[in-house]
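Working notes, structure below.
The values are calculated or read from the model by the stated rules, or taken from the named source; none is laboratory data. Values in this document were obtained by computation on a predicted structure and should not be read as measured data. Counting neighbours? That spans all protein chains shown, and the Cβs are built from the backbone with ideal geometry, glycine included. SASA here: full protein model, heavy atoms, side chains in, ligands and nucleic acids out. Shrake-Rupley method; radii C 1.70, N 1.55, O 1.52, S 1.80 Å.
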Amino acid sequence: MKINKGVFFVLLGAGCFGFTPVFAKLGFGHGYSLGQINLVQMVISFLLLWLISFIKGVGAKGLTKKNILPIMITGCFIGLTSIFYYGAMQYLPASLAIILMFQFVWIGIMFEWVFNKIKPAPITLLAIVLILIGVFFASNILTGDMQGLPIKGFVMGILSAFTYAAFIFFSGKVAVEVHPLTRTSLMVTGSTILVFLIFMKDIPAVFPLEGNLMTSAAGVSLFGAVLPPLFYAVGAPLISGGLANILTSVELPVAILSASIILAETVTTLQWIGIVLILIAIVLNEIGPNIIRMRKRSKRTILHQHNKN
């Protein structure tokens, strides 16, 4: 029962994150700038998360003067991801921006190699190759639909992948003894400060706060910064890390489908083939090493029994 509950909440969190492009595109469609959307959504995220933390009474267990700043600095990667990810959507179709951001999978593997000296296994390298082939198909290079799209959008999309990979990498190492709600609230605090520093000139443009800006920013905030971390905090401890990573990949097809249905973006058969390849690569990367270990263990057991006989 615990596993079912964990799977449900992780899937719910991933599904929520998949809807953020809809609200970002909605905001841009109303003529709001990247700065306006980011400023409002960060304030909403900040207020909601601290309010939830206060109501839940999670306290400051494990929190010290030494780890507050590292938590907030780690949270800055959330702000940077938000800026680059939604910035890419200003210039590219949401479906393409999503695919570029999803390159955080293989970038995270590279981070592990560079910083932790954990060399990727052959099956992991195969997964990376599959991801890159998937991107080739999913980006519509073969149809020529990428021609004329601003290079700025592609750069921001790839940067969002690097910052998101950095957030995942460092958030798993910084003050893990602190309650997830407190950590998330502090991370969003650091992210909010960063966004205010970067978009300081856009602050006056937020006022008067219009309904359309509030709606799009609230949607981005709820589905991007508030609900997913809360659902992950509930579901992730109930299942294995590998299964959680596989389940979070549901974000990709949900985001593509929402862009296709709600934003009326065209997603070709080749693109779907690319998306499926990316998902297969993620699953392969997570379960492949376990399968190899199980086979080796099984072979050793058979050999041991054979020698006994």
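Remarks
- Net charge contributed by nearby residues that have their C-beta within less than 13 Å of L257 (K/R +1, D/E -1): -2
- Net charge of the neighbourhood of L34, taken over other residues with C-beta under 13 Å away and scored Lys/Arg +1, Asp/Glu -1, is +2.
- Per residue, in Å², the accessible surface of segment 29-146 once ligands and nucleic acids are set aside, probe 1.4 Å: 47
- Taking 30 Å as the limit for the C-alpha separation, the pairs K119/K173; K5/K25; K25/K201; K173/K201; K119/K152; K25/K119 exceed it in the case of K5/K25; K173/K201; K119/K152; K25/K119.
- Whether segment 135-215 is rounded, prolate or oblate, judged on the alpha carbon gyration tensor where a/c under 1.5 counts as rounded: oblate
- Cα-based shape type of segment 28-79, given that a ≥ b ≥ c are square roots of the gyration tensor eigenvalues and the cut on a/c is 1.5: oblate
- Potential extension, A264-K173 segment - 0.36 nm per residue separation minus Cα distance: 28.8 nm
- Shape of segment 183-223, Cα gyration tensor, a/c cut at 1.5: oblate
- Mean ellipticity per residue at 222 nm, deg cm²/dmol - from DSSP H runs of n ≥ 4 across the chain, formula -39500 (n - 2.57): -25500 deg cm²/dmol
- The chain, relative contact order [Cα under 8 Å, separation at least 6], %: 42
- Maximal additional length on extending the F207-K5 stretch stands at 68.5 nm, based on 0.36 nm per residue less the C-alpha distance.
- Estimated distance in nm for a label pair at I193 and I68, the labels positioned 7 Å out from Cα along Cα-to-Cβ: 0.9
- Here's the list of aspartates and glutamates a cross-link from K65 could span, going by alpha-carbon distance under 18 Å and ignoring same-chain residues fewer than 8 apart: E177.
- The loop-placed trypsin sites (Lys or Arg not before Pro) in segment 1-96, going by DSSP, that have at most 15 neighbouring Cβ atoms within 10 Å of their Cβ come out as K61.
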